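A short write-up of the structure that comes next.
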Amino acid sequence: MFQIKNLEKSFDDVKVLKNINLEIKPNEKLVIIGPSGSGKSTLLRCLNGLEIPTKGEVLFEGKQINSNSYQQLHGDIGMVFQNFQLFEHMTVLKNLTLAPVLNKKMTKKQAKRQAMEYLKQIHLEDKKDVYPSELSGGQKQRIAIIRTLMMNPKVILFDEPTSALDPEMIGEVLSLIIEVAKKNITMIVVTHELHFAEQFASRVIFMDHGEILEEGDAKTLFSNPQTERLQQFLKNC
Ligand SMILES: Nc1ncnc2c1ncn2[C@@H]1O[C@H](COP(=O)(O)OP(=O)(O)OP(=O)(O)O)[C@@H](O)[C@H]1O
Ligand SMILES: [Mg+2]
């Protein structure tokens, strides 16, 4: 699905990604962990064309990601951000139906029906006419997740989807992500929630200083870290 070859990304003269090589298979559930500033968000943003590599390449289904990709791939590659990024001046229902209708993926009627179905699944159908400011953080993030599903994406990228939430709301968002994982969607999640990673991930990668330092299945990686850097990181988690 993604092939990342010798990827490097610099801002000014600072290399924030160095020599990243990674292949992500269709339907894989990948978790990315690592300390602040290690390049996790930058790597995610290189996958959907929000950042363009300084060197190397990122291929999505064999095609190189470039500066036009973000718009083109908007339907295929969904993204969920730490701060939700819902449209504050639109109701929940409008937030959900806007993109699929604008992109002619569905008629207004189809989009409404699909949106209501997703809202029922997350028990928020009574919120369809409210504005995001009236929702809790956990509700906003669950709406943001079903909003990406409305586009029927092949991939969803999650950048720390629970780190802006109060502790009691983290569980409901992680449960939804685990529910979504049952679908045939490639999912890549940056998170600090290690218990979730064990339940969810088919593979975990650990980044430090712009490089992939270790990778493997969650249980092995967490119980038997090979580098001192990962041992230290896990201790502080
Ligand atoms: N647009 C930008 N311009 C300049 N520097 C940037 C830019 N985006 C990121 N950086 C720098 O690149 C490095 C990696 O940032 P990135 O946001 O990818 O880290 P991260 O692992 O996601 O960290 P966090 O866990 O805090 O979100 C940081 O030193 C950051 O300051
Ligand atoms: Mg980040």
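Miscellaneous remarks
- Under the simplified labelling scheme, the SER163-ASN68 pair shows an inter-label distance of 3.4 nm, with each label point 7 Å from Cα along Cα→Cβ.
- Leading residue at positive end of dipole, the chain (Cβ point charges), from LEU213, ILE122, GLY34: ILE122
- Normalising the average separation of contacting C-alpha pairs (under 8 angstrom, six or more residues apart) by the number of residues puts the relative contact order of the stretch 1-158 at 23 percent.
- For the stretch 1-109, the average shadow cast by the Cα convex hull is 8.6 nm², which is a quarter of the hull's surface.
- Ordered by the count of other Cβ atoms within 10 Å of each Cβ, fewest first, MET90, MET79 give MET90, MET79.
- Counted by Cβ distance under 13 Å from SER163, the other residues give a net charge of -3, where Lys and Arg count +1 and Asp and Glu count -1.
- Sorted fewest first by neighbouring Cβ atoms within 10 angstrom, MET116, MET106 come out as MET116, MET106.
- Mean-position separation - Cα centroids, the stretch 171-237 and the stretch 36-113, in angstrom: 22 Å
- Neighbour counts of C-beta atoms inside 10 Å place ASP217, ASP13 in the sequence ASP13, ASP217, starting with the fewest.
- Highest-fluctuation residue, GLY39, GLY75, GLY216 considered, GNM on the chain with Cα pairs under 10 Å: GLY216
- Along the chain, the exposed loop sites are GluC sites (Glu not before Pro) outside DSSP states H, G, I, E and B with at most 13 other Cβ atoms within 10 Å, and the longest stretch free of them is 89-237.
- Gain on full stretching of the segment that runs from THR107 to GLN85 - 0.36 nm per residue minus C-alpha separation: 5.6 nm
- Stretch gain in nm, segment GLU211-LYS5, where the contour uses 0.36 nm per residue and the Cα spacing is subtracted: 72.9 nm
- Relative contact order [Cα under 8 Å, 6+ residues apart], the stretch 124-237, whole percent: 19 percent
- Local electrostatic count, PRO35, Cβ distance below 14 Å [Lys/Arg +1, Asp/Glu -1]: -2
- Taken over the C-alpha atoms, the stretch 112-237 has Rg and Dmax values of 16.5, 52 angstrom.
- Förster radius 35 Å - calculated FRET efficiency between ASP129 and GLN232, Cβ distance, rounded to 0.05: 0.10
- Subtracting the Cα-Cα distance of ASN19 and LYS182 from their residue separation scaled by 0.36 nm leaves 55.5 nm.
- Loop-resident sites, the stretch 9-74, for chymotrypsin sites (Phe, Trp or Tyr not before Pro), counting at most 11 other Cβ within 10 Å (DSSP): none
- The coefficient of translational diffusion for the chain, derived via Stokes-Einstein from the alpha carbon Kirkwood radius under 10 °C and 1.306 mPa s, stands at 86 µm²/s.
- Trypsin sites (Lys or Arg not before Pro) lying in DSSP loop within the stretch 142-188, provided at most 10 other Cβ fall within 10 Å: LYS182
- Magnitude of the charge dipole, the chain, Cβ model with Lys/Arg +1 and Asp/Glu -1, debye to 20: 1040 debye
The numbers here are math on the coordinates, done by the rules we state, and not lab data. Since we're looking at a predicted model, the values are computed, not measured. Please note: Cβ atoms are built from the backbone with ideal geometry, for glycine as well, and neighbour counts cover all protein chains shown.
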